[in-house]
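Values in this text are rule-based calculations from the coordinates and carry no lab data. No experiment lies behind these values; they were computed from the predicted model shown. Neighbour counts run over all protein chains shown; Cβ positions are idealised from the backbone, glycine included.
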Amino acid sequence: MSPRRHNIPAEPNQFVGRSRDLDELSRLVHETRLLTLSGIGGIGKTRCALQLATRVVEHFPDGVWLVELAKLTRPDLVLHEVVGTLGLREEGGRPLLDSLRDFLYGKRLLLVLDNCEHLVQPCAELAESLLAACPELRVVATSREPLKIPGELVWRVPPLAVPLPGQPIEQAESVELFLHRARAAGSGLALTADNAPDIERLCRDLDGLPLALELAAARTCVLSPGQIAQRIGDRFRLLTTASRTTPARQRTLQATIDWSHALLSPAEQVLFRRLSAFSGPFTLDLAELVCADGDLPAFQVLDRLALLVEKSLVLFDQGDACYRLLESTRQFAADRLEQAGESATMADRLLHGLAALATRHGHDMWLTDDRAWADRAAARDLLLRLADNARQAMTWAAASGQIAHGLRLACAYMPAWMITGSFAEGRGWLETFLERSEGEPAELVGDALVCHSALVFEQHDSAAAERSVARGLELCRAAGSPVLLGFALDISAMQAVFRGELAPARARAQEALEVIGPGGSGYLEAGARMILASVSGLEGHRREALAGGEGAIECYLQTGQLYGAARAGLELGRLGDALGELDFARRQLDRAISLAGEAGSQPLLALALGLLGLILARQDQGDDATDRIRECVRLSQSMGQHLPVASALMALAVLAEEQEDLEPAVRLWAAAKALEQRLGLFTFTSASPEPLLARARARLGDGLVSQWWAMGSAMSEEEAVRYGLEGVRPARVAKPAGGATTVLTAREREIVALIRRGMSNKAIAEELFISPATAARHVANILTKLNFSSRSQVAAWGAELHIGLHSPGHAGREPRS
Ligand SMILES: Nc1ncnc2c1ncn2[C@@H]1O[C@H](COP(=O)(O)OP(=O)(O)OP(=O)(O)O)[C@@H](O)[C@H]1O
Ligand SMILES: [Mg+2]
C-alpha cells in the first residue's frame, strides 16, 4: 500500500480559466519557499491554491498537504492543525513543534496554509520556524494579508477577466464562470445576442469576483441577468454611501452578498445568520440542536438549509454529509448575528448543544455496552468531524466563564483525543477549565481530573498523572456514580502497575470490578481484568496472568470494543514476552495487529508490528520478521513516531546476530538503545544486547566492540534503518573534531594519501616497505574509524581534507614488518 501523497479535496464544481496565472504560480512555487496568494475575500485565493497544489503534486515526492485554518479560533491551534493534517502522532511528552520539525526535515513537501488572515502572527511564526529548520520544505499560504516574513513572495490574485471591448464575451473568464454556475443552478440560461449586453454588464459590475458571480448566478432561475445587474447596482449604491473607505471590489462583494441575503425569506435569514456560530463543517443534527427555537422550529431546519444550499450561501459536502460556509459569507452572516443581538445566545447554544451531543456520542464510543464496533467508530468519526466546533465552543466556555459546560465538553472529547493521540491539546483544554473549577460539581471535576490524568500519563508525565488521579478518585468516590468511580479506579490501578506498586494496583482493580458490578460497563470491566492479569504476571503467576489477559480481551470483544481489545492484545503480547512465553506473545500480537487494523489505530498497529518483528526474529523466522519490520518502519515514519522503530532496529540486530554478522548486530542494538535514550521512552521487551556483547567481546576484544557500539549510537534513526534493512553504511555525517590528525595515526594518514592515488594494498605495501597484510590491516582500521565501507569514500574524504604525503604529520618510512 503506497502512502497517500496529498489531501487536496476533489473539486466541488468546474474550475474556470486562470491558466496563465497557474503557469506562473507553478513556476514560482519552485523559485521561492514561501508563496502567499493574497487578495480580498471571495477573489478565489483558496480555489487557486488548490489548483496549484494539484498541478505540482508530482514535484513533491513527500506530498502536498492542505491545512485549513479558517475554522480555528486560537493561535495555539495552528500547530495542532498542521500536525493533525500531516497525520503525525504525539509521542511521549515531546514538544509538538520538535516532532513536526523532525518529521519535515529533509522532506520534499508542500504545505498549503489556507486562510491565514485571522491568525497571521502564529502562521508567520510557524512558517518561519519550519522553513528555517527544513531546507526542502515549501509553503503556499492564502491570506488577505501577507505574512511579512523574510523570503515571502506575495502574489496578488487578480479577478477573473471581464469582457474587453471588441472581444467575444464568451471568451472572458468571468462570463464563463457565470454561465457555468447558472446552468448548474438549473436556470437553462444560455448566451444570446439579446442577453449578451446584460451579462457583459453584470460581469463587469461584479468586478470579475468569483464569489459575487456565483451568488448572482444562483438567482438566474427567477431573474434575468439584466434584473440582477439592476438590483445589485441598487444595493451597491446603498452601501457606497455607508462605507467609503472600503476598497471598491470589497464593496462589490458586500453588495452582492447583501443582495443575496435580502432575497432570503425571513426564516432563511434567521437560519443563515445563526449558521455563522459554527466553525468548520457542521451536521444537520447540530444545526437543529443549535439554531432551532420558537422562531425556527427544528423540523424546518432541513428545508431552509436546502434552500440556502441552492442559493450558494451554504455548501454541502456529500461525502461526509456536512455543511459549511465560505469564509466571506460566514463573516457576513456573523455580522448579521451580531446586529440581531444573537451572538452570545448562539455561542451558548453551540456550547450546551454540543456538550450534550458529544457526551452522548462519547458514551456510545466507550461506555454503552450494546453497540457494535461500527457504531462506536461512527460516533468517533462524528466527534472528530465536529472537532472545530468543539474548539470554538470551549473557547467560548472559557471566555464566558461557563466552566461546568467547558468541563463537560472536554470530558466528552477525551476518548476522541485519546484515540487520535491528541494528548497535548486535550490536556490544554482540561487544564483551562480545571484551573477555574473551584466550586463546580464534584462529579464533573472528578471526571475531568481522571481524563486529565489519562492524557498526561500518555505523555509520560507520571507525576502530574498521579496527582490528578489521586484527587479525581477522591471526588469520584464522593460523587457516588459507579461508572465514574469504576473509570477512576481503572486509571489509577493502571498507573500503579506502571510504577510497580502491585498491591494497590490489585486492590483498586478489584474494587473497580465490585463497583461496576455484573452487567455494568464491559469496557471498564475488561480494563480492570487486564490490570489484574498484568499484576499476576509481574508477581510471577504465569498461568493466571495469561488466562486472565485472554479473558479480558474476550470481554472487550463481546462488548464490540475493538480498540480496547487491540490495546489489551498488545499489552498481553508484552506480558508474554516478559514471561518468556514467546509463542503466546506472537499469537497475541498477531491478533492485536488485525484488531488495531480494524479499529483504525495506526499507533497501536506500529507498536505491535515492531514487537512482533522482534519476537519473530528471536524465533529465527527471518522472512516474516523482515516483513513486519518494514511495515512497522513505514507506518511509524508516516506518523512521525519513533519508539516502534527502536524495536524494529532491535529485531534487525537479532537477525544480524543470527547470521553471525556481529558488527551490524552490535551497531544496530546500539542505535536502538540510543534512539530510546533520545526519546526518553523504552520498549517493553525481554530481549537485551548483553549476551551478544559478551560473546563479541570474548571473541574480538573490548576495543573493537566498543567502537562498533559508539558508531551505532552515533547513527541517526534513518541511517540505522537503511543500514539494517538495506545494508547501507552511513556516510560520515560530521567530520571528526580536529580533522584527520586526531582520528588517524600518522601512518594511517599516509595510507589515506596513497589510497587517494588509487593504489592497491600491494602497491601501498611496496611504497611504504611494509607487508601487504600490514597494509590491509591499516586500511581496515581506517575504514572502521571513519565509518566507511569503501576505499573510494576514504579517497573522497582524504581529498576534502587535503591529506597528501606531505601533509603535517607525514611519517618517515618504517622498517618492513
Ligand atoms: N477560477 C475559478 N473557477 C471556478 N470557481 C471559482 C474560481 N475562483 C473562485 N471560485 C469560487 O468562488 C468562490 C470564492 O473563492 P475562494 O473561496 O477561493 O475565495 P477566497 O479568496 O479564498 O476567499 P476568502 O478570503 O473568503 O477565503 C468559491 O465558491 C470558489 O469555488
Ligand atoms: Mg479562502
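For this structure, a couple of remarks:
- Going from the residue with the fewest nearby Cβ atoms within 10 Å to the one with the most, His363, His452 rank His363, His452.
- Across the chain, Cα pairs under 8 Å and at least six residues apart give a relative contact order of 7 percent.
- The slack between Asp98 and Glu726, meaning 0.36 nm per residue of separation minus the straight C-alpha distance, is 223.3 nm.
- Counting charges near Cys116 (Lys, Arg +1; Asp, Glu -1) among other residues having Cβ under 9 Å from its Cβ returns a value of -2.
- Against the main long axis of the alpha-carbon atoms of the chain, helix 225-242 sits at an angle near 80°.
- Relative pair counts by distance (%), Cα atoms of segment 740-800, 10 Å bins: 25, 62, 13
- Once you divide the Cα radius of gyration of the chain by 2.2 N^0.38 Å, the number left is 1.16.
- Annotation for Val57 and Asp23: the two label points, set 7 Å from Cα along the Cα-Cβ direction, are 2.3 nm apart.
- Between helix 791-800 and the chain: long-axis angle, C-alpha atoms, 0 to 90°, nearest 10: 70 degrees
- The slack in the chain from Gln121 to Ala298, taken as 0.36 nm per residue of separation less the alpha-carbon distance, amounts to 59.7 nm.
- FRET E, pair Arg156, Ala190, Förster distance 41 Å, beta-carbon r, rounded to 0.05: 0.75
- Legend: calculated FRET efficiency, Thr32 to Asp583, from the Cβ-Cβ distance at R0 = 41 Å, rounded to 0.05, equals 0.10.
- Length-normalised contact order for segment 347-480 - Cα pairs under 8 Å, 6+ apart - percent: 22 percent
- Across segment 26-54, the residues whose backbone nitrogen lies under 12 Å from the label position 7 Å along the beta-carbon direction of Leu315 are 42, 44-51.
- Highest-first arrangement of 605-614, 656-665, where packing means the average Cβ count within 10 Å: 605-614, 656-665
- Spin-label pair Ala372/Ser792, simplified geometry with 7 Å Cα→Cβ offset, distance in nm: 6.0 nm
- 0 to 90° range, to nearest 10: angle between helix 266-275 axis and the chain longest Cα axis: 20 degrees
- In range of the label at Leu284: residues from segment 311-329 whose backbone nitrogen is under 19 Å from the point 7 Å along Cα→Cβ: 311-325
- Just so you know, the averaged projected area of the alpha carbon convex hull for segment 502-599 sits at 5.5 nm².
- Here the extension length gained between Glu501 and Thr73 equals 149.8 nm, from 0.36 nm per residue of separation less the Cα-Cα distance.
- Its Cα gyration tensor gives segment 266-341 an equivalent ellipsoid, and the semi-axes of that ellipsoid, as √(5λ) in whole Å with the largest first, are 17, 15, 11.
- Label-point separation, Ala746 to Ala344 (7 Å along Cα→Cβ), nm: 8.7 nm
- Paramagnetic label reach from Ser688 (point 7 Å along Cα→Cβ; backbone nitrogen cut-off under 14 Å): within segment 560-595, residues 578-580.
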